[in-house]
Amino acid sequence: MDVPVLKQGPYLIATVQSALTDADLAQLRRTLVEQVGRYRSRGLIVDVTAVDVLDSFACRTLRDIAHMTGFRGAETVIVGIHADLAFAMVQLGLSLEGVTTALDLEEGLAYLDRKQRSVKALGSRPRQSAGPRNLLHPRG
Amino acid sequence: MKGSKGPAAPASAPLPAKIAIGSESTTSLLRELVAHLRQNRTQLREEWARRITEAELLTAMTKEEIFAEATSVYDNYVEALETGTFEALQAYARNLSERIIPRGVETHEVVGIVLLLRDVLARSLFAKYQGDFTKLNRILDAYEPAANRIANTVAVGFVQERERIIREQQEAIRELSTPVLQVRERLLILPIIGVIDPQRARQLTEQLLRGIRTNRAKVVVIDITGVAAMDATVANHLVQTVEASRLLGATVIVTGLSPEIAQTLVTIGVDLGKMTTVGDLQGGIEEAERLLGYKVVHFAGETPEA
């Protein structure tokens, strides 16, 4: 099952629409990491609102995507995790450490906008500044 | 004192088989029995009320109340013996329980008075038929199973009523126990007071996560000032709740940890990096406001009522 990836200004939005197989997940990871570079995106939002099950491989892949895109200059936000799913994930020890999460797409975009503004406010070169920022989360 | 004079009563244990054979005569015996009980109603009732007072049962009620209830129970008892149906008695027992439970009447008292009545009636039967031992035996054959069933019905009715009340109260406590309150736009507080058992912890998590979604909260302050201690399971659950809230995009600040709870958290090795804690609720709300970009300004010299 293909995951549509939309470009929205400086961000990419990937909306997962159903449960994904391991192959789908690997494909998603390749696509996103590649497209972040191609579109010179500043942020990536992975929307999992439609997903009611995330297994350990899916969680690890999401975490990998976040860290890999981070190295390529885009901050990833996972949005739309259901309350029940969130608690189940924590109980299984799959709590996406070091990955930013937000309630829904709107919150995720607001978060990235805020991040962008603070980067611009520092008046530094936007692309390079992403590198050091992500060193705060070196767990990739 | 109670059992000193009536050792014959328990001797009737292996009787149900006989009853099945002679059910016709059982009916007539019961009729005779009921007639006897009706005849001696006043005297037996008084005897029973006296025995209740003597045994210091139903101390929560006055003598007059005991006598009035004793009369109703006696009549219902005799009626149940006569008709062999227990619905009326059951309804009465439920009604009685409803009235006396709020006054602090205990299970042992209710069971005690019914057993006393059974004893009083059995003794009157002994007195009446002491000349004719065979007849006494047959009367007891008819009386004992019915009396046992009546005692059973009343006791079960009382216990059921009590359990129903307890269930209702538990439900009420549960609903009251975990309020999730919004204090500012996108800021929730969750004050927890009392003991947290695993069930309450689960409910708390559920309500909090639902609250985060419906209020679109960014920051949640969980105040556990009113929680004296928690065990490792519940502490772990709390940490998991904090983590799950993060997955929904909300930051959780835990405030008011008692020294004991701090000790528990250290003992189970909670990663404090995952959890923001502030000393008291005020500090927690101030920290939350800072995170949300609120700034509370105090106008010096101005009185609040202006």
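Looking only at helices (runs of 4 or more DSSP H) that fall completely inside region B:1-113, which ones have 3 or more residues that are more than 30 Å from the chain's Cα centre (by Cα), modelled with pLDDT under 85 and among the aliphatic types (A, V, I, L, M)?
In region B:1-113, the matching helices (runs of 4 or more DSSP H) lie at B:16-21, B:23-39.
So which residues in region A:4-62 are among the hydroxyl-bearing types (Ser, Thr, Tyr), farther than 20 Å from residue A:97 by Cα and at pLDDT 90 or above, if there are any at all? First the steps, then the outcome.
Pass one, region A:4-62, residues among the hydroxyl-bearing types (Ser, Thr, Tyr): A:11, A:15, A:18, A:21, A:31, A:39, A:41, A:49, A:56, A:61.
After this cut, where a residue has to be farther than 20 Å from residue A:97 by Cα as well, the list is A:11, A:15, A:18, A:21, A:31, A:39, A:41.
Answer for region A:4-62, where residues must be among the hydroxyl-bearing types (Ser, Thr, Tyr), farther than 20 Å from residue A:97 by Cα and at pLDDT 90 or above: A:11, A:15, A:21, A:31, A:39, A:41.
The values are calculated or read from the model by the stated rules, or taken from the named source; none is laboratory data. Because the structure is a prediction, the values reported are computed rather than measured.
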